[in-house]
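One structure below.
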Amino acid sequence: MDCWYIKDYFSPKQRKEICKAIEKNYDFTEKEGKSARTNEGQDKKKTKTLVIGWKKIKNIVGELEHSIYDINLKNFGYNIKPFDHSDYMLLNIYDSKTKAEYDWHFDSSKSDIYDCKLTAIANLSDSYEGGDFWLWPGNPYIVEQCTPGSLIVFKSYINHRVTPVTKGVRKTLTLFCHGPRMI
């Protein structure tokens, strides 16, 4: 199994509360060039990304941490570390006005000590068009319908993308789960 999907993980009220908390208390905005890049050096990620420390948001996201640990235990079996003060969450804002998207990429770590094992993405949007989330674990392409309120947890090394948002704004909360580097 490459991914785990939960529909309606967050209610509309919870989604608004989480977005509002992050938009008022984020630590910084991710700079250009921080995310995946093409061979020509161009950013694959065309979003506004607000970064917030785990300690600032953990009480607002409720049982998310426990849900991710449970999903990992029952479906993936990775050795992942508990979230702590060194962890950050990303609020990715895909606006149709800029045709925001994130081209094919995978999530990784530059650390010599740990790997990025799992990526968890919660869709905090109200409504939008376009912005489809795709996973490509091999052949064929697999499309995951990430509706507002849903949570998807998948192996970080799997290629994935978000197609351009064509109407409205797509907002997602991303958390990376780390563990000891595989040899």
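Being among the aromatic types (Phe, Trp, Tyr), out of contact with any His (no Cβ under 7 Å at 6 or more places or on another chain) and over 21 Å from VAL153 (Cα atoms), is that true of even one residue in region 24-44? Explain how you work it out, then say what you get.
The first filter runs over region 24-44 and keeps only residues among the aromatic types (Phe, Trp, Tyr), leaving 26, 28.
Imposing the further condition that a residue be out of contact with any His (no Cβ under 7 Å at 6 or more places or on another chain) reduces the set to 26, 28.
Now narrow it down to the ones that are over 21 Å from VAL153 (Cα atoms): 26, 28.
There is at least one residue in region 24-44 that is among the aromatic types (Phe, Trp, Tyr), out of contact with any His (no Cβ under 7 Å at 6 or more places or on another chain) and over 21 Å from VAL153 (Cα atoms).
For region 118-173, a residue qualifies if it is open to solvent by 10 Å² or more (accessible area, probe 1.4 Å), of a type in the set (Val, Ile, Thr), closer than 20 Å to LEU64 by Cβ and at pLDDT 95 or above, and exactly one does: ILE121.
Taken together, the residues in region 58-79 that are exposed (fewer than 15 other Cβ atoms within 10 Å of the Cβ) and more than 21 Å from ASP115 (Cα to Cα) amount to 3. Of everything in region 50-85 that is among the hydroxyl-bearing types (Ser, Thr, Tyr) and within 17 Å of the chain's Cα centre (by Cα), the residue that is nearest to LYS171 (Cα to Cα) is SER67. THR147 meets all of the listed conditions (1) assigned to a loop (DSSP other than H, G, I, E, B); (2) touching a helix residue (DSSP H, G or I) at 6+ places or on another chain (Cβ under 6 Å); (3) β-branched (Val, Ile, Thr) but one, namely (2).
When each of ASP95, ASP103, ASP115 is tested for being open to solvent by 60 Å² or more (accessible area, probe 1.4 Å) and of a type in the set (Asp, Glu), the lone residue that passes is ASP103. Residues of region 80-92 that are among the polar types (S, T, N, Q) and open to solvent by less than 50 Å² (accessible area, probe 1.4 Å): ASN92 alone. Applying the criterion of being within 21 Å of SER86 (Cβ to Cβ) and free of Cβ contacts under 8 Å to residues at least 60 places away in the same chain to the residues of region 3-31, the residue that is surrounded by the fewest Cβ atoms within 10 Å (Cβ to Cβ) is LYS31.
The values are calculated or read from the model by the stated rules, or taken from the named source; none is laboratory data. On a predicted model such as this, the values are computed, not experimentally measured, just so you know. Here Cβ is always computed from backbone atoms with ideal geometry, including for glycine, and neighbour counts include all displayed protein chains. The protein model used for the area step is the full one, side chains on, heavy atoms only, and it has no ligands, DNA or RNA in it. Shrake-Rupley method; radii C 1.70, N 1.55, O 1.52, S 1.80 Å.
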